[in-house]
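Chemist: Before I ask anything, let me first share the structure, which is written out below as structure tokens.
The values are calculated or read from the model by the stated rules, or taken from the named source; none is laboratory data. Keep in mind the model is a prediction, meaning the values are calculated, not measured. We place every Cβ from the backbone using ideal geometry, glycine too, and count neighbours over all the protein chains shown. Ligands, DNA and RNA are stripped out before the accessible areas are found, and what is left, the full protein with its side chains, is counted by its heavy atoms. Shrake-Rupley method; radii C 1.70, N 1.55, O 1.52, S 1.80 Å.
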Amino acid sequence: MDLVQKEHERLSKRLKSSESIQSVQDAIDLLQSTRDKIASDPNQASVALAKLQNPIKLSFDAINDNLKETHSGLNKYSKALDKLFKDRPLPSSEHDVLSSQEHLINRAIAMHLLREGQFSVASAFLSEVAAKRAAEKQQSFDSDNMDEAAALLDIGGVPSSKVRDEFHNMYRILHELKENNNLLPAIEWSRKEENKVALEARGSNLEFELCRLQFVWLFHGGQEQRGPTPEGRQAALEYARREFQAFFPRYMREIQQLMGAMAFSPNLPDSPYKNIFNNPSAWSDVSHSFTREFCALLGLSPDSPLYIAATAGAIALPTLLKLQTIMKAKRTEWTTEHELPVEIPLPPSYLFHSIFVCPVSKEQTTDANPPMMMPCGHVIAEESLKRLCKGTRFKCPYCPNESHPREAKKVFL
């Protein structure tokens with residue numbers, strides 16, 4: 001990546017697009033002025049055109065020189081990319097579990113577009129899905145096909161039309177929050193009866209996070225972290241008296257910290273509360289919290305499954321390509337249908353549930369083949385345990401201790 005970064009920086013320095021645009025504009029201005037002169041006095045046409053020749057040639061030469069430099073830089077940058085990302089075939093498998101699940105792929109794409117706020121693109125995509133299904137069934141495209149495609153966005157008992165309305169509402173609130181520093185629509189949403197009950201059942205802190213940031217915003221005079229003002233401190237104090245009573249006693253310590261900052265307002269950056277009142281990521285953090293809780297109430301994960309799958313696939317791709325090369329050299333085949341033949345190290349944020357791989361069989365445990373812990377503390381899969389013991393006492397494959405299969409206990413992860 002260092003080579004690509006180096007070429008990218010070199011390309012950025014060498015590009016002279018502004019100079020090229022200016023040269024083109026100068027040529028246009030010169031041609032227009034010459035045209036006006038000839039229009040006003042046709043007898044001067046030959047003289048005007050003669051005077052025009054050299055300046056136009058110089059402009060074209062300047063444009064071509066800039067374009068040559070640009071093309072040269074782009075070629076070097078493309079070669080660096082090709083050198084780093086070699087054109088190799090993707091790892092293939094006879095067991096493509098998604099080949100027969102086209103509706104899941106379409107749902108993931110449509111839901112991703114909806115979650116990203118691309119509502120018109122999502123509608124166009126669903127229309128194409130409906131048209132394709134109608135063509136496959138040799139039917140004319142009608143509203144029934146469109147309703148069938150739109151059903152991809154249904155979530156449990158929530159119809160697709162309501163799901164779209166919910167995401168429209170989410171982006172309206174996020175726009176107010178991010179662009180206008182307006183927390184009131186988000187606070188109002190969190191206090192709706194059905195949302196408030198669901199958030200409390202989840203143990204969510206969203207409402208308090210929003211109100212705390214509103215207090216900080218008022219404390220700074222209604223501006224983002226530009227220092228407290230007397231009017232701002234008074235407005236924040238009145239807001240705390242009016243709103244924070246509902247958060248006792250669960251957030252007593254946090255409220256005390258907010259109130260304690262009043263005494264340090266003349267020197268807040270050097271106070272113990274500077275991280276609360278001068279947090280540059282506060283608005284982005286609360287936006288992420290709102291998005292997470294909003295999606296959770298719809299029964300969705302905070303991140304798009306399509307984005308997660310694509311990112312995890314990109315992380316796993318180098319390992320799978322290397323594995324494919326080794327398997328081809330050794331003339332072996334990948335015969336596992338529901339799991340990868342090697343472990344793929346993913347970031348902690350991409351680990352959604354506990355996974356145990358038996359150290360004996362190297363297979364991932366399942367409900368039908370759960371992990372079993374022997375008295376010595378070592379854990380292996382149940383099928384490995386049965387193969388080792390054969391109904392009698394056996395020695396642990398990792399220590400000298402012996403045990404009986406009935407002494408093993410099932411492990412819940």
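Chemist: Could you check the stretch 151-245 for helices (runs of 4 or more DSSP H) lying wholly inside it with 3 or more residues that are at pLDDT below 85?
Modeler: 160-180, 230-243
Chemist: Ok, one more. Among the residues of the stretch 114-136, what is the count of those that are surrounded by 20 or more Cβ atoms within 10 Å (Cβ to Cβ) and within 24 Å of the chain's Cα centre (by Cα)?
Modeler: Final tally of qualifying residues: 4.
Chemist: Still on this structure, please answer the following. Pairs only if they're at least six apart or on different chains, beta carbon under 7 angstrom, first in the stretch 297-309 and under 14 Å from Glu116 (Cβ atoms) and aliphatic (A, V, I, L, M), second buried (at least 16 other Cβ atoms within 10 Å of the Cβ) and at pLDDT 85 or above; list them, first residue then second.
Modeler: Cβ pairs passing all conditions: Leu306/Ala108; Leu306/Ile109; Leu306/His112.
Chemist: Same structure, new question: Which ones in the stretch 372-397 are open to solvent by less than 30 Å² (accessible area, probe 1.4 Å) and either more than 20 Å from Phe356 (Cα to Cα) or hydroxyl-bearing (Ser, Thr, Tyr) (or both)? Before you say what the answer is, go through the steps one by one.
Modeler: Initial filter on the stretch 372-397 (open to solvent by less than 30 Å² (accessible area, probe 1.4 Å)): 372, 374, 380-381, 384-385, 389, 394, 396.
Hits for the stretch 372-397 are Ser384, Cys389, Phe394.
Chemist: Something else: Which residue is modelled with the highest pLDDT, if the candidates are limited to the stretch 359-390 and must be in contact with an Asp or Glu (Cβ under 6 Å, 6 or more places away or on another chain) and of a type in the set (S, T, N, Q)? I'd like the intermediate steps shown before the answer.
Modeler: So the first thing to find is which residues in the stretch 359-390 are in contact with an Asp or Glu (Cβ under 6 Å, 6 or more places away or on another chain), and the list is 364, 369-370, 372, 375.
From what's left, of a type in the set (S, T, N, Q): 364, 369.
Values: Gln364: 82, Asn369: 88.
Only one residue tops the list, namely Asn369.
Chemist: Now a separate question. Report yes if Asp303 is open to solvent by 30 Å² or more (accessible area, probe 1.4 Å), of a type in the set (Asp, Glu) and over 30 Å from Arg233 (Cβ atoms), otherwise no.
Modeler: So Asp303 passes the test.
Chemist: Something else: Determine which single condition Leu346 fails, assuming it passes every other condition in (1) modelled with pLDDT of 85 or more; (2) assigned to a loop (DSSP other than H, G, I, E, B).
Modeler: Leu346 satisfies every listed condition except (1).
Chemist: Next question. Could you check Pro400 against (1) open to solvent by 40 Å² or more (accessible area, probe 1.4 Å); (2) touching a residue at least 24 places away in the same chain (Cβ under 8 Å) and say which number it fails?
Modeler: (2)
Chemist: Please identify the pairs in which a residue from the stretch 56-85 that is over 15 Å from Ser12 (Cβ atoms) and open to solvent by 90 Å² or more (accessible area, probe 1.4 Å) has its Cβ atom under 8 Å from the Cβ atom of a residue that is modelled with pLDDT under 75 and part of a helix (DSSP H, G or I), counting only partners at least 6 apart or on another chain.
Modeler: Partner pairs satisfying both residue conditions: Lys83/Leu3.
Chemist: Only one residue in Pro345, Pro359 is open to solvent by less than 60 Å² (accessible area, probe 1.4 Å), under 36 Å from the mean Cα position of the chain (by Cα) and within 26 Å of Leu323 (Cα to Cα). Which one?
Modeler: On inspection, the qualifying residue turns out to be Pro359.
Chemist: Could you please find all residues in the stretch 239-283 being touching a Lys or Arg at 6+ places or on another chain (Cβ under 9 Å), open to solvent by 20 Å² or more (accessible area, probe 1.4 Å) and in contact (Cβ under 8 Å) with a residue 24 or more places away in the chain?
Modeler: Listed by number, the residues that qualify are Tyr251, Glu254, Met262, Ile276, Trp283.
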